[in-house]
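Visitor: This is the structure, below, for whatever I ask next.
The values are calculated or read from the model by the stated rules, or taken from the named source; none is laboratory data. Here the structure is a predicted model, which means the values were calculated and not measured. Note that we place each Cβ from the backbone using ideal geometry, even for glycine, and neighbour counts take in every protein chain shown. Keep in mind that these areas ignore ligands, DNA and RNA; they rest on the heavy atoms of the full protein, side chains included. Shrake-Rupley method; radii C 1.70, N 1.55, O 1.52, S 1.80 Å.
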Amino acid sequence: MVKLNMSKAPATLQEAIIHYADFENCKAFMMNLRWPDGKALCPRCGSDDVSYLPNARVFKCYKKHDRQKFSLKVGTIFEDSPIALEKWLPVMWLLVNAKNGISSWEIHRAMGVTQKTAWFMLQRCRLAMQDENHGGKLGGEVEVDENYIGGKARNMHQDRKARALGGKGGGSVGKIGVQGMLQRGGKIRTAVIPDAKLTTLVPNIPQEC
C-alpha cells in the first residue's frame with residue numbers, strides 16, 4: 001500500500017513544483033486520492049486483478065477486455081492530455097491555494113508552459129473542483145438579483161464610519177456588491193460586483209439562462 005506522508009505536503013508553490021517533479025510523489029498522491037485502501041482498480045471493468053508495471057509506469061488489468069493497460073491519468077480529467085502529472089499537480093496545488101483565484105498567465109509564468117496550455121489546464125482543474133450544486137450550466141427557471149453586504153453606517157464607530165463612507169452618503173458606500181443567480185430547486189452562482197449597472201450585471205448571466 002502506498003501512503004502519502006501529509007507532514008511532507010508542499011506548503012509553497014516552490015515546494016509543490018519540487019515535490020511533484022518526482023513521479024513517485026505524484027504516484028503516491030494519485031493512489032491515495034483514487035484508491036485510499038491502496039488497491040488499484042481497473043477503470044474499465046472495476047476489477048482489482050491489477051498489477052503495476054514500473055518501467056512503463058502503467059497498470060495492467062488481467063481480465064479479458066480491450067485496453068488492459070492504463071495509467072494513473074485514465075478515468076480523470078487528465079486522461080486525454082499529453083501533459084504529465086508532474087505539471088498537472090502543481091497547477092492544481094496553485095489553484096486550490098490561491099485565495100483570490102489565479103489566471104492562465106500566472107500558470108504560464110510559474111510552470112513554463114504556453115498561455116494556451118495554461119488556459120486548458122486551468123479549465124480542467126476548475127472542472128474537477130465543481131460539484132453537483134456548483135458545476136455545470138443553470139437551466140429551467142433562474143432568479144437573478146444583487147445586493148450589498150456590510151454593516152450599517154449608523155452602527156459603526158465614528159472613525160470607522162468616516163473611513164467607510166469617505167465623506168459620501170450611506171446606501172451602498174463602503175459595502176461589497178454581490179450578484180446571485182439561483183436555479184429553482186437547484187444550483188446557485190454568485191459573483192462579486194463593483195456596481196449594479198446593467199453593463200456589469202448582464203455579462204455574468206449565462207446565455208443558457
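Visitor: With every protein chain present, what is the per residue accessible area of region 19-66 (1.4 Å probe, Å²)?
Guide: Normalised by residue count, the accessible surface of region 19-66 is 58 Å².
Visitor: Could you order Asp195, Asp37, Asp49, Asp66 by accessible surface area, starting with the largest, using a probe radius of 1.4 Å?
Guide: Largest accessible area first, the residues go Asp66, Asp37, Asp49, Asp195.
Visitor: Pop out the Kirkwood hydrodynamic radius of region 1-86 from its pairwise C-alpha distances, inverse of mean 1/r, in Å to one decimal.
Guide: Radius from the Kirkwood sum: 13.9 Å.
Visitor: Something else: Which one of Ala98, Leu41, Ala56 is farthest out on the positive end of the charge dipole of region 26-105, using unit charges on Cβ (Lys, Arg +1; Asp, Glu -1) and the Cα centre as origin?
Guide: Value: Ala56.
Visitor: Same structure, new question: For a test of the definition: using alpha carbon positions, the gyration tensor, and the 1.5 limit on a/c, classify region 65-137 as rounded, prolate or oblate.
Guide: oblate
Visitor: What FRET efficiency do you get for Thr12 and Trp35 if R0 is 25 Å and r is their Cβ-Cβ distance, rounded to the nearest 0.05?
Guide: 0.35
Visitor: Using a probe of 1.4 angstrom, how much of the accessible area of region 39-112 is carbon and sulfur, in percent?
Guide: 49
Visitor: Here's a follow-up. What number comes out for the charge environment of Arg109, summing +1 per Lys or Arg and -1 per Asp or Glu over other residues with Cβ under 15 Å away?
Guide: Here the charged neighbours net out to +1.
Visitor: At a Förster distance of 45 Å, what's the computed FRET efficiency of Lys197 paired with Ala28, Cβ-Cβ distance as r, to 0.05? Please list the in-between numbers first.
Guide: Numbers: r = 50 Å, r/R0 = 1.11.
So the FRET efficiency works out to roughly 0.35.
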